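The values are calculated or read from the model by the stated rules, or taken from the named source; none is laboratory data. What you are looking at is a predicted structure, and each value in this text was computed from that prediction instead of being measured. Heads up, the Cβs are rebuilt from the backbone with ideal geometry, glycines too, and the neighbour counts pull from every protein chain shown.
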Amino acid sequence: MHIPVIDLAPYLEFSRNSQSVGDQEPHSNIKSLCSEVSRTLKETGALLVKDPRCSAADSDRFLDMMEKYFEMPDDFKRLQERPQLHYQVGVTPEGVEVPRSLVDGEMQEKLKSMPVESRPSIPAGPDPKWRYMWRIGSRPSSTGFKELNSEPVIPEGFPVWRDTMDSWGSKMVSAMEVVAEMAAVGFGLQKDAFTSLMDQGPHLLAPTGSNLRRHGQIGTVFAGYHNDLNFLTIHGRSRFPGLNIWLSNGQKMEVKVPVGCLLIQTGKQIEWLTGGECVAGMHEVVVTDRTIEAMKLASEQNRSLWRVSSTLFGHIASDAVLKPLAHFVDSPLACKYPLMSAGEFVELELAVINLKGSKEEAS
Ligand SMILES: O=C(O)CCC(=O)C(=O)O
Ligand SMILES: [Fe+2]
């Protein structure tokens, strides 16, 4: 099983044409591309895409800045820490985020029953990775889930911060919207079934930073086995490999993202909307032989030994309702996905991974 790279250009062109000539039915080659998107998401929980609007140079500009930031002393980075805002803006130091597999008893049982060759690395404690949270896109003026009144945090001495974060973040959101539209068509839904719910969602550009100089021993778990709580996650290519994913048949697979491509992963919210047909992809980030090889090369070339991911969490709008859409109501597992607002769902999930206290505490 391998993950195909889907070129988004033909769909973008179809989309542009249908806007200028009025709504058009996609022809059969576009339809089959959309089916490939939905089928791959369902079978693998992941997808590789190439979007002509997101270049390798854009990704490099972002990674260069984040490496420079994570290289700064811990005391400097801690100035951007906002624990009272549950780390939803600014930096999260290493040792704070708790992988789901460490706290979820049901998941631990499942891990023990997995065959050895596909069993994830068992984390011993919280993740040793840093993270930076930066909001992308606009938010609704009236909402039952006002994100805590928090200004974006910009570290001193990084004049291009806002521009770099906003530009790479919004490009990745645009790519994700196209994938969401193609997936909706592929699943036999209205093409805007997902994108209309994503509008003004609390999207977060949330790059991780892992110090390979300190934690570069083989087997170190940077992000313990988990799935993401949002709708879809998208990342540019990291300079250091280490991401393993689990396909829906339980097989473990190391992901190789080609240069200039983006990786998409399914989160819990798409699982909800599809009544469990498209489950949230499980994944982990671990130091592997290939990470060590990339570290050797980076050392020889005098490059940074911080592993930066350009993770972007795409969300369903907080006030929108999560429930199995259209024909997914009849899915055999639909009853596992009761109606609930996306905002309420996120609050429940964040409490589990140690990033948020109770609702009362947050307000
Ligand atoms: O560091 C990465 O490559 C991905 C980390 C991750 O899985 C996450 O941020 O949810
Ligand atoms: Fe993740």
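Laid out as a table, the results:
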{"read-out": "Subset of the stretch 146-195 [more than 16 Å from the chain's Cα centre (by Cα), more than 25 Å from V321 (Cβ to Cβ) and among the aromatic types (F, W, Y)]", "value": "F158, W161"}
{"read-out": "Filter pass, G224 being in contact with a Phe, Trp or Tyr (Cβ under 8 Å, 6 or more places away or on another chain), within 13 Å of ligand 1 (Cβ to nearest atom), of a type in the set (G, A, S) and touching a residue at least 24 places away in the same chain (Cβ under 8 Å)", "value": "no"}
{"read-out": "Residues within the stretch 225-279 that are within 14 Å of ligand 2 (Cβ to nearest atom), under 11 Å from the mean Cα position of the chain (by Cα) and assigned to a loop (DSSP other than H, G, I, E, B), tallied", "value": "6"}
{"read-out": "Single residue of the stretch 79-102 satisfying the filter (part of a helix (DSSP H, G or I) and surrounded by 18 or more Cβ atoms within 10 Å (Cβ to Cβ)) that is modelled with the highest pLDDT", "value": "Q80"}
{"read-out": "Residue within the stretch 343-361 that is at pLDDT 95 or above, within 19 Å of T92 (Cβ to Cβ) and within 18 Å of the chain's Cα centre (by Cα) present", "value": "no"}
{"read-out": "Number of positions in the stretch 314-356 that are over 22 Å from K191 (Cβ atoms), of a type in the set (V, I, T) and not in a loop (DSSP other than H, G, I, E, B)", "value": "2"}
{"read-out": "Any hit, the stretch 285-305, residues being away from ligand 1 (no atom under 13 Å from the Cβ), of a type outside the set (A, V, I, L, M) and within 29 Å of L348 (Cβ to Cβ)", "value": "no"}
{"read-out": "Looking only at the stretch 205-221, and only at residues there that are over 20 Å from L297 (Cα atoms), assigned to a strand (DSSP E or B) and out of contact with any Leu (no Cβ under 7 Å at 6 or more places or on another chain), the one that is nearest to ligand 1 (Cβ to nearest atom)", "value": "T208"}
{"read-out": "Residue that is modelled with the lowest pLDDT [pool: residues in the stretch 115-172 that are in contact with a helix residue (DSSP H, G or I) (Cβ under 9 Å, 6 or more places away or on another chain), among the basic types (K, R) and not in a loop (DSSP other than H, G, I, E, B)]", "value": "R135"}
{"read-out": "Residues of the stretch 8-30 satisfying the condition of being in contact with a Lys or Arg (Cβ under 9 Å, 6 or more places away or on another chain), under 30 Å from N244 (Cα atoms) and loosely packed, with under 14 Cβ neighbours inside 10 Å", "value": "A9"}
